[in-house]
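See structure below.
The values are calculated or read from the model by the stated rules, or taken from the named source; none is laboratory data. Worth saying up front: this structure is predicted, and the values here are computed from it rather than measured. Cβ atoms come from the backbone with ideal geometry, glycine included; neighbour counts cover every protein chain shown.
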Amino acid sequence: MPNPENPINVLENLLKHPGRVVHELHQKQAPVLAGWLLIFGLIGVAIYGTVVGAQSGGAQMWIAPAKLGLGTLLAVLICLPSLYIFTCLGGIDAQLRSVCGALFAAVCLSSILLIGFAPVAWIFSQSTDSIAFMGALHLLFWVIGIRFGLRLIDATGRFLGARSRGHLRIWSLIFILVCFQMTTTLRPIIAPSKTFLPTEKKFFLAHWFETVNAPNQEKK
């Protein structure tokens, strides 16, 4: 990749030539590049978080970006050890720095796609008061973004000569579940609340069902 020290060039190659980024993650400057990718990824998620917070406005304009950035960072740190283990089990002889770089690149790519979806999400946030609908829309955009990010991790595995892709697919499912649970752990993100963090533990599916059924319960 030409001029890998240029952050703008890194983002451009991540979109147009992701293979170049994967290659650079195995060179001497890999730690610097991985650091840039993580920073850009968290900033991108935080930027999208301002759109999420625009649904309720007020304090949520900074609470939502903070929670999404923190949740993304925690999900990455929680799932990084298991990614390295599954990488080794898949027959990939990769260093920990390369695995970190691949995960950071996946998060960065996903955040770029979220920023692309931000105008669409903002239009809906200004035209509807349905928390359930907006939550489903944000999740849809996130699933699309993370899908492309996980494809980048899969491509990295093939680049390193993985004997089996099943290990990385299992890890991808684990990562998605952790991210889903993180949105519930740090709730509320869209709706306003008197407390920064929830006061009770809850499984993400239970939280989603309660959010969907909330309008019906209010009518009763």
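Structural remarks
- Of all residues in segment 54-71 being touching a residue at least 40 places away in the same chain (Cβ under 8 Å) and part of a helix (DSSP H, G or I), the one that is surrounded by the fewest Cβ atoms within 10 Å (Cβ to Cβ): Leu70
- Of all residues in segment 7-37, those satisfying the criterion of being touching a Leu at 6+ places or on another chain (Cβ under 8 Å), of a type in the set (A, V, I, L, M) and part of a helix (DSSP H, G or I) are Val10, Leu14, Leu15, Val21, Val22, Leu33, Ala34, Leu37.
Matching residues to (1) touching a helix residue (DSSP H, G or I) at 6+ places or on another chain (Cβ under 6 Å); (2) of a type in the set (Gly, Ala, Ser); (3) more than 24 Å from His138 (Cβ to Cβ); (4) outside any helix (DSSP H, G or I):
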{"site": "Gly161", "(1), (2), (3), (4)": "no, yes, yes, yes"}
{"site": "His167", "(1), (2), (3), (4)": "yes, no, yes, no"}
{"site": "Trp171", "(1), (2), (3), (4)": "yes, no, no, no"}
{"site": "Ile174", "(1), (2), (3), (4)": "no, no, no, no"}
{"site": "Cys179", "(1), (2), (3), (4)": "yes, no, no, no"}
{"site": "Met182", "(1), (2), (3), (4)": "yes, no, no, no"}
{"site": "Ile189", "(1), (2), (3), (4)": "yes, no, no, yes"}
{"site": "Thr195", "(1), (2), (3), (4)": "no, no, no, yes"}
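- Set Val143, Val120: member being farther than 23 Å from Leu74 by Cβ and at pLDDT 90 or above: Val120
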